[in-house]
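The structure under discussion appears below in the form of structure tokens.
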Amino acid sequence: MTEKLICVHRGLDSDQGLYWATNDGGGWTADTRFSNGADSANGPALAMFNGVLYCVHRGGNGSNALWWSTFDPANETWSEDTQFAQGNETDSGPAICVFNGGLYCVHKGHGDYSMWWCQYDQSINQWTADTQFSQGNETDCQPALISFDNQLLCVHRGGSGNGLWWCQFTGSDWTGDTAFSQGNETATAPALAIYQNQLVCVHRGSGDHNLWWCTYDGGSWTADQQVGGGAVSIEGPGLCAFNGVLWCAHVLGLNSESGTADPNATSDYLSTMDAAMGGGAALGSFVPLAGDALYAGLTASASTAADLKLAYTTLDGLSSSWAPDTLFGQGNCSNATVALATIDLP
């Protein structure tokens, strides 16, 4: 068995199918459709729990139900997609995370800004009923969840306005929301990762499509800094530390005729699509595809068609600059969350 990267994402636009691809460090494989036929209206979430890779996602084709399946590395297939038995629902993407020996899921409600959580019950091989956050916590998109310094933390956009907020799990409930003290804002879902013993948050801007980042020292968040390398994003990014480097993946708009990166095309596309799309990006361990650098600086009119491709940038040290954006390189497309993790495969 060899440790590889596995990428899971929904398709582009009307294609709500879930796909997966792997990377052994030398490049990505072509996408493979989930063997169980799973669909998702938003991006999925991944977590490795007790040696098994779990995928949780909203249903497709108008469904608001939450569904889950697991990956069998020996046969490279997914288990039957199973609906959460307690009627758990969302109209956005979920977040999942392992904490204190349990697997937790946090998600936005259906039809309102409420926030809910549940836990996987191994004894019955199912998820518990949803419990609403009791302190009035709200979000209008996919949250981010992480275990940091013996705490389970949730970061999310507010239910109204663009401000970023965070709260902490108490063991039976969640604390009230606390605003990021430096006024950090986003238009979409944030992403979290632990890097060089600090908690890092990367998110899209609130009034632009640039990516921004900040850090948490256990007490407060720093002011935002812009991610360099020409990184602009249609959705919230994914984030993960891998092999000593911090990786950030996101959905980029490309000029459909030239196939090159077009920040203006990204912006123009976003102007018409933001209100119609849901998502964000969740990123686990991620490796670049060498030699596939993007080209920035093209201009485009508002009518320019744009392809939505997955791209990434890296940060090698908190005091360093972000590297230039790079395409995944296998035509990987999505307009929602991209979820990655590491897994042992033949």
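The values are calculated or read from the model by the stated rules, or taken from the named source; none is laboratory data. Treat the numbers as computed from the prediction; the structure is a model and nothing was measured. A quick note on method: Cβ atoms are made from the backbone with ideal geometry, for glycine too, and the neighbour counts reach across all protein chains shown.
Residues checked against (1) in contact with a Pro (Cβ under 9 Å, 6 or more places away or on another chain); (2) over 13 Å from residue 77 (Cβ atoms):
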| residue | (1), (2) |
| --- | --- |
| 22 | no, yes |
| 30 | no, yes |
| 36 | no, no |
| 40 | no, yes |
| 44 | yes, yes |
| 50 | no, yes |
| 55 | yes, no |
| 58 | yes, yes |
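If I go through the range 281-338 residue by residue, how many of them are of a type outside the set (Gly, Ala, Ser) and modelled with pLDDT of 50 or more?
Within the range 281-338, residues that are of a type outside the set (Gly, Ala, Ser) and modelled with pLDDT of 50 or more number 22.
Do we have any residue at all in the range 63-77 that's out of contact with any Phe, Trp or Tyr (no Cβ under 8 Å at 6 or more places or on another chain) and under 22 Å from residue 105 (Cα atoms)?
Yes: one or more hits.
Any idea which residue in the range 204-231 is modelled with the highest pLDDT, counting only those that are within 19 Å of the chain's Cα centre (by Cα) and β-branched (Val, Ile, Thr)?
Once the filter is applied, the top-ranked residue is 215.
What about residue 247, is it in a strand (DSSP E or B), surrounded by 20 or more Cβ atoms within 10 Å (Cβ to Cβ) and modelled with pLDDT of 90 or more?
no
Since residue 70 meets every condition but one in (1) under 21 Å from the mean Cα position of the chain (by Cα); (2) in a loop (DSSP other than H, G, I, E, B), which condition does it not meet?
Exception for residue 70: condition (2).
Quick test for you: out of 215, 188, pick the one residue that is among the polar types (S, T, N, Q) and either assigned to a strand (DSSP E or B) or more than 26 Å from residue 114 (Cα to Cα) (or both).
215
Please enumerate the residues belonging to the range 54-83 that are modelled with pLDDT of 95 or more and aliphatic (A, V, I, L, M).
Within the range 54-83, 56, 65, 66 qualify.
Sort out which residues of the range 158-185 are hydroxyl-bearing (Ser, Thr, Tyr) and surrounded by fewer than 12 Cβ atoms within 10 Å (Cβ to Cβ), and write them in order of number.
160, 170, 172, 181
Out of the range 74-99, which residues are surrounded by 17 or more Cβ atoms within 10 Å (Cβ to Cβ) and not small (Gly, Ala, Ser)?
78, 81, 84, 88, 89, 90, 91, 94, 96, 97, 98, 99
What number of residues within the range 232-244 are closer than 25 Å to residue 24 by Cα, under 12 Å from the mean Cα position of the chain (by Cα) and part of a loop (DSSP other than H, G, I, E, B)?
Qualifying residue count, the range 232-244: 1.
Report, ordered by the first and then the second residue, all pairs with beta carbons closer than 8 Å, sequence separation of six or more or different chains, a first member in the range 138-165 that is within 15 Å of residue 94 (Cβ to Cβ), and a second member that is polar (S, T, N, Q) and surrounded by fewer than 18 Cβ atoms within 10 Å (Cβ to Cβ).
These pairs meet every condition: 140/160; 152/100; 152/168; 154/168.
Within the range 51-66, track down each residue that is part of a strand (DSSP E or B) and within 17 Å of the chain's Cα centre (by Cα).
53, 54, 55, 56, 57, 58, 66 - these are the residues of the range 51-66 that are part of a strand (DSSP E or B) and within 17 Å of the chain's Cα centre (by Cα).
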